[in-house]
Amino acid sequence: MPRLTLAEAEALATAALSGAGANPAMAALTARALVAGEAEGQGGHGLSRVPQYAAFLANGRADGAAVPAVVAERGGAALIDARHGLAYPALDLAVREAASRAKAHGVACLGITNSHHAGAMGLPVAALARQGFVALAFTNSPAAMPVPGGRRPLMGTNPVAAAFPRRDAAPLVIDMALSEVARGKIMVAAKAGRKIPLGWALDADGNPTTDPDAALSGAMLAMGGSKGALLALIVELLCCALTGAAFGFEADSFFTAEGNRPRLGHTLLAIDPGALAGEASFAERIEFLLAAMQGDPGVRLPGSRRAGLAAHAATDGLEVPEALLAQIHTLAQKPPSMA
C-alpha cells in the first residue's frame, strides 16, 4: 500500500480540494483536519472524505468561496456563520474566538451555523486543551436515529467531544458519537454480506433487524437506548436551537453527492480552570483521578490509542489505499475552480 508523509498527504489533499473549488484557507484547513483524523486512525474522518467533499463543492452542497465570520456576540458568547462552506474554517475561527473569550471572561460559548460535516470533533477541543482550557464540542448531523419511541430518523448520531488539559502530558480527549455503533460498521457488514447484531438498527418499518441493508434504509439506534437518544436530542438543541442551524431531519444525507446545503450547527464551550478552583487545583485533581483509574492494569485512558497512532504516523507516514490515492491525485490535477 502506498505511504505518504503527513506533509505530502496534506499538500495533496489541499490541491484536490482547491481543484474542486475551495478557497485557499478552506482547502488548507480542511486538508489539515482530514490528515490529522487519518493519522489518529479515524479513517471515516480522514482522507476518504476528500473525494466526498470535492463532490459537495462541485455540486453546490458546499460553497468553496465562503469565508466564516462572527455575526453576533456578547461577552463570552459569539455566533459564527460558516456561510455554507466546509466546516473547518469556521471551526478554526471558533477555536481562536473561544480561547480569547474564555481568557477574558473565564468561560466562552461559540455557536456555528450554516455549516457542514465537522469531522473528528476531538481535534478542536484538543486544540483548546493544549492552550490550557477545558473544552467541549457538539455537532448535529443528518438524521439517522429516531427519538425515544419513534421509528423515523429525526436526529443525527450527534458526536460529543471533550478535552482536559494535563500537567506535563497531552490532553485527555474523549470523542464519541451517540449511536450504538458507527454507521460505517453497518456499511462494511452489508458489503461483506454479514448480519449485524440486534440492537444496532431498525428497518424502515421500525422493527429491530440483523439485515445490514435493511438497517441502512431504516434508522440507527442510540447507545444506551432512550438515554442515548435523549442525549442526542440535547445535542440537537444545543447545536441548532441556539444557533439557528438546521435540524438533522432537514439536512440531506452525506452518503450521496447530491442534495441540499445541510446548514448544520456546532457548539463549542471553553472554560478557564483558573476562573474556578484554580489551575493548580485542577491539575492536581485530574492527575489524582487518572492515577486512580490506571491503578487497574486493564485501563487505557481515553484517546491514548489515537495519540499513539498519531505519533507513529508523524514518524512513519500514512498508508493510503491505492484506489483512494489515485482518486485524490486525479482531483489534485484539476485546475482551481473559478467558482
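Some notes on this structure:
- Sub-6 Å Cβ pairs linking a first residue in the stretch 126-154 that is within 30 Å of G218 (Cα to Cα) to a second residue that is crowded, with 20+ Cβ neighbours inside 10 Å and among the β-branched types (V, I, T), at least 6 apart or interchain, are A137/V125; F138/V160; F138/V235; F138/T267; S141/T157; A144/T157, ordered by first then second residue.
- Of A215, A222, all but one fail to be modelled with pLDDT of 90 or more and closer than 17 Å to G149 by Cβ; the exception is A222.
- Some residue of the stretch 187-209 being of a type in the set (D, E) and not assigned by TED's automatic domain parsing to the domain that holds R263: yes
- In the stretch 57-91, the residues that are assigned to a helix (DSSP H, G or I) and surrounded by 19 or more Cβ atoms within 10 Å (Cβ to Cβ): L57, A87, Y88, P89, A90, L91
- Residue-level analysis places A108 outside the set of residues that are aliphatic (A, V, I, L, M), buried (at least 21 other Cβ atoms within 10 Å of the Cβ) and assigned to a helix (DSSP H, G or I).
- Residues in the stretch 24-45 that are farther than 23 Å from S304 by Cα and touching a residue at least 60 places away in the same chain (Cβ under 8 Å): A25, M26, L29.
- Scan of the stretch 251-260 for residues that are surrounded by fewer than 22 Cβ atoms within 10 Å (Cβ to Cβ) and in contact (Cβ under 8 Å) with a residue 40 or more places away in the chain, ordered by number: D252, S253, F254, A257, E258, G259, N260
- The residues of the stretch 1-48 that are in a helix (DSSP H, G or I) and at pLDDT below 95, listed by number, are G43, G44, H45.
- Candidates H312, H329, H266 - the one that is under 24 Å from the mean Cα position of the chain (by Cα) and in a helix (DSSP H, G or I): H312
- The stretch 217-250, residues that are over 21 Å from D175 (Cβ atoms), of a type in the set (G, A, S) and not in a helix (DSSP H, G or I): S217, G218, A219, G225, G244, A246
- Only one entry of F247, F282 meets the criterion of being crowded, with 16+ Cβ neighbours inside 10 Å, closer than 22 Å to A182 by Cα, aromatic (F, W, Y) and in contact with a strand residue (DSSP E or B) (Cβ under 9 Å, 6 or more places away or on another chain), and that entry is F247.
- Test: residue in the stretch 272-288 that is outside any loop (DSSP other than H, G, I, E, B) and either under 24 Å from the mean Cα position of the chain (by Cα) or not assigned by TED's automatic domain parsing to the domain that holds A137 (or both): no
- Residue within the stretch 70-77 that is farther than 21 Å from N140 by Cα, of a type in the set (D, E) and more than 19 Å from the chain's Cα centre (by Cα) present: yes
- One residue from I271, I234 being under 30 Å from A104 (Cα atoms), of a type outside the set (F, W, Y) and surrounded by 16 or more Cβ atoms within 10 Å (Cβ to Cβ): I271
- Within the stretch 71-121, restricting attention to residues that are touching a residue at least 24 places away in the same chain (Cβ under 8 Å) and among the acidic types (D, E), the residue that is nearest to V35 (Cα to Cα) is D92.
- Within the set R305, R263, the sole residue that is in contact (Cβ under 8 Å) with a residue 60 or more places away in the chain and in contact with a helix residue (DSSP H, G or I) (Cβ under 9 Å, 6 or more places away or on another chain) turns out to be R263.
The values are calculated or read from the model by the stated rules, or taken from the named source; none is laboratory data. Bear in mind the structure is a predicted one, so any value in this text is a computation, not a measurement. We place every Cβ from the backbone using ideal geometry, glycine too, and count neighbours over all the protein chains shown.
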